[in-house]
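To keep things clear, I will list the structure first and then write my remarks on it.
The values are calculated or read from the model by the stated rules, or taken from the named source; none is laboratory data. Owing to the predicted nature of the structure, the values given are computational and were not obtained by experimental measurement. Here the Cβ is made from the backbone with ideal geometry for all residues, glycine too, and neighbour counts use every protein chain on show.
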Amino acid sequence: MCKQTNYSKYQKRAIKFLSDFLGAEIPFTYEKTQTNHLKVLIDGVPKPLFTGSTPSDCKSINNFMAEVKREVKASKETLDIEQDTSVVKILLPTPFKQSQDKLIQNCVKSLRTRLEVMKSQEEQKVLEEKSVNVVSAFRSEAIKHALSFALQSRRQGGYIKPKEMKSLEAKIGSHLNFMMPTLAYYSELLESKTKYQEKLAIVDKEALKNVHEPKFTQEPEVEVDCEPNVFAKQSDELTNIQIDRNVQQIKQSSALELMAMPSNNRVSLLRGLSKSQSLKLIDDINQAMTQNREDDIKAVIAMIKEKDLPLELIISRLDAA
């Protein structure tokens, strides 16, 4: 999301202005839209701000900076006089505060470069634990790691008191929480996953209802030297095979019905899914394709072993093709 290499020269200039102007006090995040515009979200500003990729107007950057300043000023005016006074006091340009702000900005910049990886890891932890309680611990560990790395790379040393360290972690945490998904997003994701599993369980129960016990034709009694429960075991095995086949047929028929729809109807149906459900569906499709590919590879290897085909000859034919 925040890799600078994906942005144009003009957009990088806009991002640098945001970092310098907002400083360590106001969290913000940005991303590239499908039309290559830069979408900026600033804490306290009720609407997103947009700017182009390579605008032809040389005044575009000035207009964007003026818009950002205007919106930030308007958001500050909603605060009462006491809060405004405290903000002015905090923003006094003391050397100590400048050093702390620089440290916070370096940590936030480091976290931005790992934002996509952190989102993926955090989502995986939430799905594994099936709880949003792991989010706080995960982000706290990421903040401590970034702060420790920034302190090690800082030229000027100096001891930071535990109280000041907690203050730094809290400020960096406000930036990280603004950039990362909310707890409501993860709650919706867990709920949708639970509903999906419940629907799958219902499908399996329906498949079990449709399974009939295998019927065996009566044959003349023959004395067989075997244990009396052999036929019971065979019956159970046949029943399990039949259940697996029925479940597979139900799932396959649902997928085939979806693909048999016209493209417009299928798109309209899929538009009813939420973002988390769509991402889950894409992951399931990728996993299914991977499993099919593995099965195809196993089938090819089994055929090569069965036919006793020389591997060198197959490779040479593939190179020549």
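Brief remarks on what is shown
- Residue ID - nearest to residue 187 (Cα to Cα), chosen from residues in segment 255-277 that are in contact (Cβ under 8 Å) with a residue 60 or more places away in the chain and of a type in the set (Ser, Thr, Tyr): 276
- Tally of residues being farther than 14 Å from residue 36 by Cβ, in contact with a helix residue (DSSP H, G or I) (Cβ under 7 Å, 6 or more places away or on another chain) and part of a loop (DSSP other than H, G, I, E, B) across segment 51-62: 0
- Some residue of segment 241-258 being touching a Lys or Arg at 6+ places or on another chain (Cβ under 8 Å) and modelled with pLDDT under 80: yes
- Residue in segment 63-72 that is part of a helix (DSSP H, G or I) and modelled with pLDDT under 85 present: no
- The one condition from (1) at pLDDT 60 or above; (2) loosely packed, with under 11 Cβ neighbours inside 10 Å; (3) closer than 21 Å to residue 193 by Cα that residue 275 does not meet is (2).
- Within segment 132-146, not a single residue is closer than 22 Å to residue 44 by Cα and of a type in the set (A, V, I, L, M, F, W, C).
- The condition of being at pLDDT 90 or above and charged (D, E, K, R) holds for only one of 171, 195, 199, 163, that being 171.
- Every residue from segment 147-176 that is in contact (Cβ under 8 Å) with a residue 60 or more places away in the chain and within 18 Å of residue 44 (Cα to Cα): 171, 172, 174, 175, 176
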